[in-house]
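The values are calculated or read from the model by the stated rules, or taken from the named source; none is laboratory data. What you see is a predicted model, and the numbers here were worked out from it, not measured in a lab. Cβ coordinates were reconstructed from backbone atoms using ideal geometry, including for glycine residues, and neighbour counts include every protein chain displayed. Surface accessibility is based on the protein's heavy atoms, side chains included, excluding ligands, DNA and RNA. Shrake-Rupley method; radii C 1.70, N 1.55, O 1.52, S 1.80 Å.
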Amino acid sequence: MNLLSVNQLSKSYGTKVLFNKINFGVNYGDKVALVAKNGSGKTTLFKILKGIEIADEGEVVFRKNISVAFLDQNFSLDQQQTIQQLIENADNPYVKCIKAYEHAVQLSVDEPGDKSAQLMDEALNQMNELNAWEYETNLKEILSRLELNDLSQTIHTLSGGQQKRVALALVLINKPDLVIMDEPTNHLDIDMIEWLEHYLQNASLSLLLVTHDRYFLDEVCNSIIELERGEIVEYKGNFEYYLTKKAEREAIKAAEIDKAKNLYKRELEWVRKMPKARTTKSKSRVDAFYDIEEKAKQKRVDKKIELSVKMERLGSKIVELIKVSKAFGNKVILNPFTYTFMNGEKIGVVGKNGMGKSTLLKIILNELQPDSGKVQIGDTVVFGYYSQTGMQLAEDKRIIEVVKDIAEFIPLANGTSLSASALLTRFNFPPDVQYSYVSKLSGGEKRRLYLLTVLVKNPNFLILDEPTNDLDIVTLQTLEEFLDEFKGCVLIVSHDRYFMDRLVDHVFAFEGNGEIKDYPGTYTEYRIWKQEQQAVQKAEESKLQAAIAEKKEEVLLQPETNNSQKKRSYKLQKELDDLEKEIPQLEAKKKEIEAALTSTNEFERIQQLTAEFEKVNALLDEKSLRWLEIQEQ
């Protein structure tokens, strides 16, 4: 069943053709990813699908009577409303249905009669048709998993990541037939991304999304459409299948262009020698010649971005953190943390949003002072900082002026230098666009230009805070290759698991309460280790509880013995009696904390509850083991 059809769609801005007579569709059950380079027209295409841009020609057809939800990359929420108000005021058929049902119930109480009975029948039928009885349960589950438990919070008080989760919740709670998403993983931490992956895999909905997150794409999507040179190419398979088939297609196309070039040379010679009097046969050959000429003059492949700027020499002393700590009020970001960076290290920084990853980067860069401890930086260190918020590029500046403000000529790794214009060309900003204004660039193109401004300063210690946001897959692959060969230090904060696994030697994992775990391995290896640790801890807890239960049963079934065998010392018996009172109390307290943790998303409260949980759990284990020891005596 076809839910969306795009037929012969075209869109241009002046002489720039974004897409020309493209066709594609989304069927029921399809989960489709749209892949394209920055500036190719992805966002424009989504705006046309949403109805806020008009195509030059062609049509977009949605199947009748289906619900469609959009998650924009740059979403907008009413900053003065609470989360609760946004949910209640959303254009949501379930909320409308429930309100109509509640009105019918009230009317049947206030004004019983045929009219209210008919209204109640209609409301009940609609509730059954939509299966709205389960709406509240589904709503609570989604809000809980997105850690949105305090619905009284006003939107302007939320962080960017929290607002993204609210926007996501408003899409998912509608249970739409078709969801269209633009970069859904931006500003989400890894735990949240993995939950969203699982949800979309199992949800009975169809999906069209733009994403640069290759693990997410691989796990969720079963089809890829690529917008390239104004045309659509479809690949039925995951990301690995797409890479393989794309390489094959480009190899075939390159061979065809080479063949056309050879034929063009021969035909060009014939055209030049051909007499003016033309036969029908020669005219057809001339017409064919122009087709061959057009094919021969095609570009074989898009020019690859080249990242080869010079790196300043890095001395033996780089950066040393000595017992560095930081807190904001009661919120502990860093417990005393010590680390000495070594040349060539590539370290990934992971953890939930709000735990202090960006704070650590700012302390290293001396943009933020620690509460205690020292940061010692070597004389030869040149930082290159790629910020999560991005560089504030002047919209009224031309692209080439942004680079010339840094340097007219940029030294390269091979000892030569390039002009600002030549370097921009290497970064896929050809000469015909270099004098365009920054305001004309797409979000991804601005991020690519920002990356260029970081690298041209010849850094030897790169600090990258969410570098993958808004960059296209081609740019990401090139950046990965560059960082893989980069001889200096690299510190990366990223939610892109593919990017992290490809590059990092070890991981700084923010585990809460200011604790940082230095794990030797990739992010995926850290996650596996963490899951194994949690499984071992659960198994030990279960084993301990089983041993306690078994011992209690033994005591109850033990036959009466004489007083000399049975009797314990008064002190020991008193301790046992106290333990048998304290253990149930601790178990009850543990459950109470677990319930409180699931019902709050306030960072400070979570930290407080987590610390309390750890203390109670440790005390429970200690008391339980002591109870067993006494029973063994």
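Some values worked out for this structure:
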quantity: Relative packing of 92-99, 61-68, 217-224, which averages over residues the other C-beta atoms within 10 Å, highest first; calculated: 217-224, 92-99, 61-68
quantity: At 0.890 mPa s and 25 °C, Stokes diffusion of the chain via Kirkwood alpha-carbon radius, µm² per second; calculated: 83 µm²/s
quantity: Folded to 0 to 90 degrees: helix 443-455 orientation relative to the chain principal axis, Cα; calculated: 90 degrees
quantity: Options Ala255, Ile399, Trp195, ranked by Cα towards positive dipole end of the chain, top entry (Cβ charges); calculated: Ala255
quantity: Net charge over other residues, Cβ less than 12 angstrom from the Cβ of Val171 (K, R count +1; D, E count -1); calculated: 0
quantity: For Leu209, residues with placed amide H under 5 Å, excluding near neighbours; calculated: Val32, Ala33, Leu34, Met181
quantity: Karplus 3J(HN,Hα) series, Hz, for the stretch 37-43 with 6.51 cos²θ - 1.76 cosθ + 1.60 (x for Gly, Pro); calculated: 6, 4, x, 7, x, 4, 5
quantity: Among Ser624, Phe239, Leu609 the positive-end extreme of the charge dipole of the chain (Cβ point charges); calculated: Phe239
quantity: 222 nm mean residue ellipticity, helices alone, for the chain (DSSP H n ≥ 4; -39,500 (n - 2.57); rounded to 500); calculated: -15500 deg cm²/dmol
quantity: Which of Lys362, Lys31, Lys253 is most accessible, then next, and so on - probe 1.4 Å; calculated: Lys362, Lys253, Lys31
quantity: Antiparallel bridges, percent of DSSP beta bridges restricted to the chain (to nearest 5); calculated: 55 percent
quantity: With all protein chains modelled, accessible area of Lys352 [1.4 Å, Å²]; calculated: 70 Å²
quantity: Rel. contact order, % - alpha carbon contacts under 8 angstrom, at least six apart, the chain; calculated: 14 percent
quantity: Cβ charges +1 (Lys, Arg) and -1 (Asp, Glu), total dipole of the chain, debye; calculated: 3240 debye
quantity: Cβ-defined net charge surrounding Met342, 15 Å radius [Lys, Arg +1; Asp, Glu -1]; calculated: -1
quantity: Three semi-axes of the equivalent ellipsoid, the stretch 4-66, Cα gyration tensor, whole Å, largest first; calculated: 21, 14, 10
quantity: For the stretch 22-139, size of Cβ-based charge dipole, Lys and Arg +1, Asp and Glu -1, in debye; calculated: 680 debye
quantity: Protection proxy ranking of 175-181, 500-506 - average other beta-carbon atoms within 10 Å, highest first; calculated: 175-181, 500-506
quantity: GluC sites (Glu not before Pro) lying in DSSP loop within the stretch 402-511, provided at most 11 other Cβ fall within 10 Å; calculated: Glu408
quantity: Table column - 3J(HN,Hα) (Hz), the stretch 118-128, Karplus curve with 6.51, -1.76, 1.60, x for Gly and Pro; calculated: 5, 4, 5, 4, 5, 5, 5, 4, 5, 4, 5
quantity: Long-range HN-HN contacts of Glu466 with modeled amide H, under 5 Å; calculated: Val493, Ser494
quantity: Degrees, to the nearest 10: 239-273 long Cα axis against longest axis of the chain; calculated: 0 degrees
quantity: Heavy-atom accessible area order for Tyr241, Tyr519, Tyr450, largest first, 1.4 Å probe; calculated: Tyr241, Tyr519, Tyr450
quantity: Distance violations [Cα-Cα > 24 Å] among Lys31/Lys440; Lys164/Lys446; Lys164/Lys397; Lys352/Lys543; Lys310/Lys352; calculated: Lys31/Lys440; Lys164/Lys397; Lys352/Lys543; Lys310/Lys352
quantity: log10 of Debye I(q)/I(0), alpha-carbon scatterers only, for the stretch 35-148 at 0.15, 0.18 Å⁻¹; calculated: -0.93, -1.09
quantity: Nearest-10 value in Å² for the accessible area of Met192, using the 1.4 Å probe; calculated: 10 Å²
quantity: Residue (of Thr425, Leu451, Tyr435) at the positive-pole extreme of the stretch 416-459, dipole from beta-carbon charges; calculated: Leu451
quantity: Amide H partners (placed H, <5 Å) of His506, local residues excluded; calculated: Lys346, Gly348, Gly521
quantity: Modelled FRET efficiency - R0 41 Å, Lys538 with Thr82, Cβ distances, 0.05 increments; calculated: 0.65
quantity: Exposure ranking of Trp195, Trp529, Trp627 by accessible area [1.4 Å probe, largest first]; calculated: Trp529, Trp195, Trp627
quantity: Calculated FRET efficiency for the pair Ser569/Asn343, C-beta based, R₀ 45 Å, to 0.05; calculated: 0.10
quantity: Crossing angle, helix 135-145 versus the chain [Cα axis fit, 0-90 degrees, rounded to tens]; calculated: 90 degrees
quantity: With DNA, RNA and ligands ignored, accessible area of Arg448 (1.4 Å probe; Å², nearest 10); calculated: 10 Å²
quantity: Calculated from backbone phi, Karplus (6.51, -1.76, 1.60) coupling profile of the stretch 72-85 in Hz, x at Gly/Pro; calculated: 6, 5, 9, 6, 10, 10, 5, 5, 8, 8, 8, 4, 4, 5
quantity: Rotationally averaged projected area of the stretch 136-237 (alpha carbon convex hull; nm²); calculated: 7.6 nm²
quantity: Surrounding net charge for Pro370, when Lys and Arg each add one and Asp and Glu each subtract one, Cβ distance under 11 Å; calculated: +3
